[in-house]
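Below is one structure, written out as structure tokens; comments come after it.
The values are calculated or read from the model by the stated rules, or taken from the named source; none is laboratory data. What you are looking at is a predicted structure, and each value in this text was computed from that prediction instead of being measured. Reconstructed Cβ throughout: ideal geometry from the backbone, glycine too, with neighbour counts over all protein chains shown. Protein only, heavy atoms only, side chains kept; ligands, DNA and RNA dropped before computing areas. Shrake-Rupley method; radii C 1.70, N 1.55, O 1.52, S 1.80 Å.
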Amino acid sequence: MNMIKKKLIGGMSYVTFTFLLALYFTVVVNLPVYKALIGIFSQLETVKLGFVLTIPLFFLASLNFLFSLFSWPKISKPFFIILLILSSIVSYAGFNYGVMFDYDMVINIMETNSSEASSYLSLYSVIWTLLIGVIPALIIYKLPIKPITNPITFITFITFITAKLVSMFISLVVVGLIAAAYYQDYASVGRNNSYLKKVIIPTQFVYSTSQYVKDTYFTTPQPYKQIGLDAKQSDAALTQAQTKPTLMIMVVGETARAQNYELNGYHRNTNPYTRELDMISFQDVTACGTATAVSVPCMFANMTRDNFNRSQADNQDNLLDILQRANVSQLWKENDGGDKSVAKNITKIEVDRSRKDDMCNGSTCYDMALLENIDQDIADLKGNRMITLHLIGSHGPTYYQRYPSNKAIFQPDCPRADIENCSQEQIINSYDNTILYTDYVISQMIDKLKQLDEQYNTALVYISDHGESLGENGTYLHGIPYRFAPEYQTKVPLMVWMSPSFQQTKNIDYTCLKQAARKTGTYSHDNIFHSMLGVMDVSTQEYQAQLDIFSQCRNKFATEVTKNNN
């Protein structure tokens, strides 16, 4: 009896502990992988039963091998407790929303403020994390693991290492046998669905996080680079500024997808406010990324999606810096948790979302709050000027918090954060209400610009940072790696409004611009940098007329810029 008691008190071995942990990750934590595989297999004509049955065994052997590398006295418990809790959060997001935690997603998470992060909290997400992460972590904390012996002798250490190596060797043998029997099946599924490796927990998010930590804290920062040192406004623009300055409002949307815009052919009346305002909506526009942390810096950088680098963008002048150098007076107004370092060198005002009133609930505000004090904001600027409004727009999953009750036109909506527990009809209704409310905000801004028409040549450009999935193919929200992302996350609205005096002063053929917006050709965030420089009459060697959306309809300016740059 005493011998049995001593054995129980002694605890389990590190090899057993590691194996059981790998088994738990295989069976429970990696539910998102099995959900993805079910979707893949359902589209195949035939699937080998043996191949399917070996998948959990493959995961178990692989994770047992990897976990053995970190299963050591003193570090095992704290390491795996943290890993398990974080993995449960990743599992929740992957299973319920189809989120993949690659490098860009890690950046997006690190730059998310508390208000935005809290929007993902729900009773369902808390229960999931408690059951899959926190409670098992507490079990690990209390679990007795057999010590190697203290003091450690050469023999006991060799025994410990031998047991670990044998376990790892068996894992490799199992992987090898599975590969020998079903290599072609694994290779075929892997090649045709390469996103699967980004779904496996915890390998992808651990790798991405380690890369982020390395790049952020252990890599020498790039020296800051000034570009567009030759930037200047045209003589005509400077002369005009003395009598009737340009006033450009650039509206950066959040999470608005082009497919749900009535002006782009959507079957619902989501643009009732701008529809009658002679608004130009470009039909085929592609985002630079699927998350704000990538798309916003990218659209303001002199880079294309193909060569965009966030670190380089953060340490280099962008569109706003060059406009400022050319003496275009600027202001950034923020309602979406941060400018992602884009407006770091210009004046910035952030909406106080901690207040509680008709506009704000203590953690988030409606976008109409950006128009508060707008008259004074405009008056405080000098000469030709541009104000950038960064909307919270259609940011989910708490879509219902983005619009007031009098704009909840599409019903029934989904008044909760755990949208996976709403019907798709409710989710789409809530999302469409956010699009409609954004349309209202834009229309109110245009009304203000019309009131200022005698003082300024006014215009407004609206573009969203990325789109959103609303349950199509079981995917929600955004942030899927770009090459795997559906068009719902990459196609965004781009709308332009120009007053008659702005069109005349800038020599823009508005009819030509409408035709360009309807053409089959595509536009993207790549065009924003050059289009805004062009329409603000700023010449610099950085400007490329072929990427300026407006240049094709105002040849006079394009000719002048080319002449100045030469």
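For region 373-424, the pair-distance distribution built from all alpha carbon pairs, in bins 5 Å wide starting at 0, is 4, 15, 19, 15, 10, 9, 10, 9, 5, 3, 0 percent.
Against the main long axis of the alpha-carbon atoms of the chain, helix 555-565 sits at an angle near 70°.
Going by Cα centres, region 128-148 and region 436-483 are how many Å apart? Cα centroid of region 128-148 versus Cα centroid of region 436-483: 46 Å apart. As a ratio to 2.2 N^0.38 Å, the alpha-carbon radius of gyration for region 96-152 is 1.73. Please compute, over every Cα-Cα pair in region 317-399, the percentage with a separation greater than 19 angstrom. That fraction is 42 percent. Contact order for the chain, expressed relative to its length and based on alpha carbon pairs under 8 Å spaced 6+ residues apart, stands at 20 percent. Give me the net charge of residue 526's neighbourhood, meaning all other residues with Cβ under 12 Å from the Cβ of residue 526; Lys, Arg count +1, Asp, Glu -1. Cβ neighbours under 12 Å give a net charge of -1.
Among (i) 17, 36, 29, 16, 2; (ii) 19, 46, 26, 9, 1; (iii) 18, 53, 26, 4, 0, which is the computed P(r) over Cα pairs in 20 Å bins from 0, in percent? Structure-derived value, by its label: (ii). Here the sum of -39500 (n - 2.57) over DSSP H runs of 4 or more residues, divided by the residues of the chain, equals -14000 deg cm²/dmol at 222 nm, to the nearest 500.
Once the Cα-Cα distance is subtracted from the 0.36 nm per residue extended length, the residue 57 to residue 267 segment shows a gain of 70.8 nm. To the nearest 10, the accessible area of residue 530 is 10 Å² with a 1.4 Å probe. Calculated from the alpha-carbon coordinates, region 232-303 shows an Rg and a Dmax of 16.7, 46 Å respectively.
The gain in end-to-end length when the residue 163 to residue 192 segment is fully stretched comes to 6.6 nm, 0.36 nm per residue minus the alpha carbon separation. Peptides 67-74, 126-133 ranked from most to least packed give 126-133, 67-74, packing being the mean of other C-beta atoms within 10 angstrom over each peptide's residues. Neighbours of residue 80, meaning other residues whose beta-carbon lies under 14 angstrom from its beta-carbon, give a summed charge of +3 when Lys and Arg score +1 and Asp and Glu score -1. A simple count of charges around residue 405, restricted to other residues whose Cβ falls under 13 Å of its Cβ and scoring Lys, Arg +1 and Asp, Glu -1, yields 0. For region 240-282, the list of GluC sites (Glu not before Pro) that fall in a loop by DSSP and count at most 10 other C-beta atoms within 10 angstrom reads 276. Does region 361-472 come out rounded, prolate or oblate by the C-alpha gyration tensor, with a ≥ b ≥ c the root eigenvalues, rounded set by a/c under 1.5 and, if not, prolate when a/b is larger than b/c and oblate if not? It comes out prolate by the Cα gyration axes. Taking label positions 7 Å along the Cα-Cβ direction at both residue 181 and residue 220, the computed distance is 5.3 nm, reported to one decimal. Cross-link reach is defined here as a Cα-Cα straight distance under 20 Å, omitting same-chain residues fewer than 8 places apart; for residue 35 the lysines meeting it are 48, 197, 198. For region 215-285, the relative contact order is 16 percent, taking Cα pairs closer than 8 Å that sit 6 or more residues apart in sequence and dividing their mean separation by the residue count. The Cα atoms of region 423-566 give a gyration tensor whose axes a ≥ b ≥ c have a/c of 1.5 or more with a/b no greater than b/c, which makes the shape oblate. The gain in end-to-end length when the residue 115 to residue 345 segment is fully stretched comes to 80.4 nm, 0.36 nm per residue minus the alpha carbon separation. Give the angle, between 0 and 90 degrees and rounded to the nearest 10, that separates the Cα long axis of helix 154-192 from the longest principal axis of the Cα atoms of the chain. On a 0 to 90 degree scale, this one is about 50. Taking a straight Cα-Cα cut-off under 26 Å and skipping sequence neighbours fewer than 8 places away in the same chain, the lysines within cross-link reach of residue 333 are 225, 232, 244, 344, 348, 356, 382, 407, 448, 450, 491, 506. Between residue 242 and residue 13, what is the FRET efficiency for a Förster distance of 60 Å, r being their Cβ-Cβ separation, to the nearest 0.05? Working from the Cβ atoms, E equals 0.15. Counting only protein chain heavy atoms and rolling a 1.4 Å probe, the accessible areas of 95, 160 rank, largest first, as 95, 160. Shape class for region 246-382: rounded, because the ratio a/c of the largest to smallest gyration tensor axis (alpha-carbon atoms, square roots of eigenvalues) is under 1.5.
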